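Just below is one structure, and these are the notes that go with it.
The values are calculated or read from the model by the stated rules, or taken from the named source; none is laboratory data. Nothing here was measured: the structure is a model prediction, and the numbers come from that model. In this analysis, Cβ positions are derived from the backbone assuming ideal geometry, glycine residues included, and neighbour counts consider all displayed protein chains. Keep in mind that these areas ignore ligands, DNA and RNA; they rest on the heavy atoms of the full protein, side chains included. Shrake-Rupley method; radii C 1.70, N 1.55, O 1.52, S 1.80 Å.
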Amino acid sequence: MPRRSKSAELLEFEIQFYEKLLRAYPDFVDVLIPLGDAYTRHGLHQKGLEVDHRLTQLRGDDPLTWYNLACSLSLLKRIEESLEALRRSFELGYLDLEHLQQDPDLLNLRQFSKYREFLESFAAAAASKPAPPAPGAQPGAQPI
């Protein structure tokens, strides 16, 4: 039997730890986020998708949650759904065009012709949006 690497053992331990916490606290967002990431790193894409769906229920107005859902769907080659989740992420304010173009989780989506159309509209809209002011830059501004 081949010996598992130390990093694989640590990843499995991490997953077991987060799963145990979720049994006690099923809506604990600060556990769901790293668990979804750990599932993806371990190649458990379906489980990662389930976590991402749960996170969109709990944090439906968070653009990064929808971005992660798009990644999970792309990894599972559910391309149309991935594009819709990415579109929702953009509508909620996701603007990291550079990361979008390099993220390996979106490789399947990037090969889809409708993605190119979306990317063009995304780039145009992102360029037209003003940058948010830095916290404290305006009198009375409060850090988020």
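Select from the range 88-118 the residues that are in a helix (DSSP H, G or I), of a type in the set (S, T, Y) and in contact (Cβ under 8 Å) with a residue 24 or more places away in the chain and list them in ascending order. Before the answer, list the steps.
Taking the range 88-118 and keeping what is in a helix (DSSP H, G or I), we get 88-91, 97-102, 104-110, 113-118.
Next, only the ones that are of a type in the set (S, T, Y) stay: 89, 113, 115.
Once the filter is applied, which keeps residues that are in a helix (DSSP H, G or I), of a type in the set (S, T, Y) and in contact (Cβ under 8 Å) with a residue 24 or more places away in the chain, the range 88-118 yields S89, Y115.
For the range 115-129, how many residues meet the condition of being open to solvent by less than 90 Å² (accessible area, probe 1.4 Å) and under 16 Å from L83 (Cβ atoms)?
Number satisfying all stated conditions: 7.
Considering only residues that are out of contact with any Ser or Thr (no Cβ under 9 Å at 6 or more places or on another chain) and open to solvent by 40 Å² or more (accessible area, probe 1.4 Å), which ones fall in the range 51-80?
R54, Q57, D61, K77, E80, listed by residue number.
Looking only at the range 45-74, count how many residues are assigned to a loop (DSSP other than H, G, I, E, B), in contact (Cβ under 8 Å) with a residue 12 or more places away in the chain and more than 14 Å from V31 (Cα to Cα).
Within the range 45-74, the subset assigned to a loop (DSSP other than H, G, I, E, B) is 59-62.
Within this subset, residues satisfying the condition of being in contact (Cβ under 8 Å) with a residue 12 or more places away in the chain are 59, 61-62.
With more than 14 Å from V31 (Cα to Cα) added as a condition, the list becomes 61-62.
Number of matching residues: 2.
Would you call Q46 farther than 30 Å from A125 by Cα and open to solvent by 60 Å² or more (accessible area, probe 1.4 Å)?
On the way: farther than 30 Å from A125 by Cα: yes; open to solvent by 60 Å² or more (accessible area, probe 1.4 Å): yes.
Taking the combined requirement at face value, the residue satisfies it.
Are any residues in the range 1-28 hydroxyl-bearing (S, T, Y) and part of a loop (DSSP other than H, G, I, E, B), and if so, which ones? Break it down into steps so the answer makes sense when it comes.
We begin by selecting, within the range 1-28, every residue hydroxyl-bearing (S, T, Y); these are 5, 7, 18, 25.
Selection gives S5, Y25.
Kindly list the number of the only condition in (1) loosely packed, with under 15 Cβ neighbours inside 10 Å; (2) in contact (Cβ under 8 Å) with a residue 40 or more places away in the chain that fails for T40.
T40 satisfies all of (1) loosely packed, with under 15 Cβ neighbours inside 10 Å; (2) in contact (Cβ under 8 Å) with a residue 40 or more places away in the chain except (1).
Go through the residues of the range 27-34 one by one and say whether even a single one is surrounded by 13 or more Cβ atoms within 10 Å (Cβ to Cβ), under 27 Å from A125 (Cβ atoms), out of contact with any strand residue (DSSP E or B) (no Cβ under 6 Å at 6 or more places or on another chain) and not hydroxyl-bearing (S, T, Y).
Kept after step one, since they are surrounded by 13 or more Cβ atoms within 10 Å (Cβ to Cβ), are these residues of the range 27-34: 28-29, 31-34.
Restricting the remaining residues to those that are under 27 Å from A125 (Cβ atoms) gives 33.
Adding the requirement that they be out of contact with any strand residue (DSSP E or B) (no Cβ under 6 Å at 6 or more places or on another chain) leaves 33.
When the remaining residues are screened for being not hydroxyl-bearing (S, T, Y), the result is 33.
The answer is yes, given that some residue of the range 27-34 is surrounded by 13 or more Cβ atoms within 10 Å (Cβ to Cβ), under 27 Å from A125 (Cβ atoms), out of contact with any strand residue (DSSP E or B) (no Cβ under 6 Å at 6 or more places or on another chain) and not hydroxyl-bearing (S, T, Y).
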